[in-house]
Each structure stands twice: as structure tokens, then as C-alpha cells.
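Values quoted throughout were computed directly from the atomic coordinates according to the rules given, and no laboratory measurement underlies them. Owing to the predicted nature of the structure, the values given are computational and were not obtained by experimental measurement. All Cβ positions, even for glycine, are placed from backbone atoms using ideal geometry, and neighbour counts span all protein chains on display.
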């Protein structure tokens, strides 16, 4: 492994552990649904990273970097989706509390959790632009751009899976202590407010 690849690891690690919409979604889905839903959300998020990395490798992200209209369109779509998740969480928090153990199995299913993770990540244009700006810094002149981009993507995905799985399983161990029906309702309400705030911030951000 060359020096530039080694230098990429801590940079990608910082990006991975920095809290954002992805982290909030993983925490919310793990605590209000199940550990399995948390893992499925992680799978969706990392599938989104693969899309961003491949787009960067093939130069598709250039469109977002150089077209203000395209960037704003994708950013608005991502913001609206995050706001939608927030509204769904708020609606769920207002539903009747079910004092029954079966409530803990109230999963929306693997497909829904994967889809939420994927769309939350892939609809964030800043991730695409970040990849386009970041990956070339760790590719030496003469190297195969596609192969090196795929290697860097693999490193980032492995870091993402490792970090988020730690988060999911740590929360999973706590779930029995803090995941009573009333607690889940409060968490869904808080998560909804945070999602809406993140979506509004993304929509209004002019950077």
C-alpha cells in the first residue's frame, strides 16, 4: 500500500465518524426499530458511498461541481427527502403508545431501511463533490484512475461499515434499557425535529 493510500485512511476516518444525517438515521432506526434495521440502514448508506465513488471515478460528479442548477436540484431533492423522514418520525411519535412487547418488533422491513440509508446518502450532493475533490489528491500521476478510485472507495466503505456497525451494536446492547414504547415515541419526536432541521439547513445552505 503506497503512501498516498495510507494518508487517505485517516482523512476518510474523520469523514466517516463526523455526525450528520447518516449517523442520525442509523441511531434512529436502530433504537426505534431494531438492530437488524440499523444494519440494513448501514448497508444502504455504504451502497450510496459506492455510487458516489463510481460517479467520481467516471467523472460524472463534474456535472454537480460545474453546474449550479444540477447541484441545487440534487441538493433540494436530498433536503426534501430528509425533511420527509423527519415528518414521518414526527407522525410516528404521535401514534398511540402500544404497551406490548410485540411493539419492539415494529420494523418497517429490510427494504425500507436499506432504501432510507441509500437515498439519504446518495442524494447528498456535497458527498459527491467531496469525492470528486478528494480522491484525485490521493492518486499519483500515471496511476490507473479507476482502479485507484475503487481501492480508495473500498477503504472508505470498510471504515463506514466498521464505524456504523460499532454504533449499531452498541445501541443494540442499550436498547433493552432505553427502548420502552414511551421512550421510542420521544426519540422519534426528537429525531423528526433533527431530520427537519438538517433538511432545512441543507436546502438553505448556499456554500
Exposure proxy check: 154, 204, 119, 76 ranked by fewest other beta carbons within 10 Å? 204, 154, 76, 119
Can you give me the C-alpha center-to-center distance between region 137-196 and region 15-82, rounded to a whole angstrom? 10
Between residue 166 and residue 201, with labels modelled 7 Å along Cα→Cβ, what's the label distance in nm to one decimal, could you check? 2.2
Could you check the spin-label model distance between residue 183 and residue 110? Points 7 Å from the Cα along Cα→Cβ, value in nm. 2.8
If I model a spin label at residue 174 and residue 143 as a point 7 Å from the Cα along the Cα→Cβ vector, what separation in nanometres do I get? 3.7
So the angle from the long Cα axis of helix 35-57 to the longest Cα principal axis of the chain, reported in degrees to the nearest 10, equals 20
What number in nm² do you get for region 3-204 if you take the convex hull of its Cα atoms and divide its surface by four? 11.3
Starting with the fewest neighbours, write out 75, 182 ranked by other beta-carbon atoms found within 10 Å of each beta-carbon. 182, 75
Residue order, fewest to most surrounding Cβ atoms within 10 angstrom, among 30, 23, 16, 111: 111, 23, 16, 30
Rounded to 10°, Cα long-axis angle of helix 145-178 versus longest principal axis of the chain: 20
The chain: angle of helix 110-122 to the longest principal axis, Cα-based, in degrees nearest 10: 40
Quote the FRET efficiency, to the nearest 0.05, computed for residue 5 versus residue 73 with a Förster distance R0 of 22 Å and r equal to the Cβ-Cβ distance. 0.05
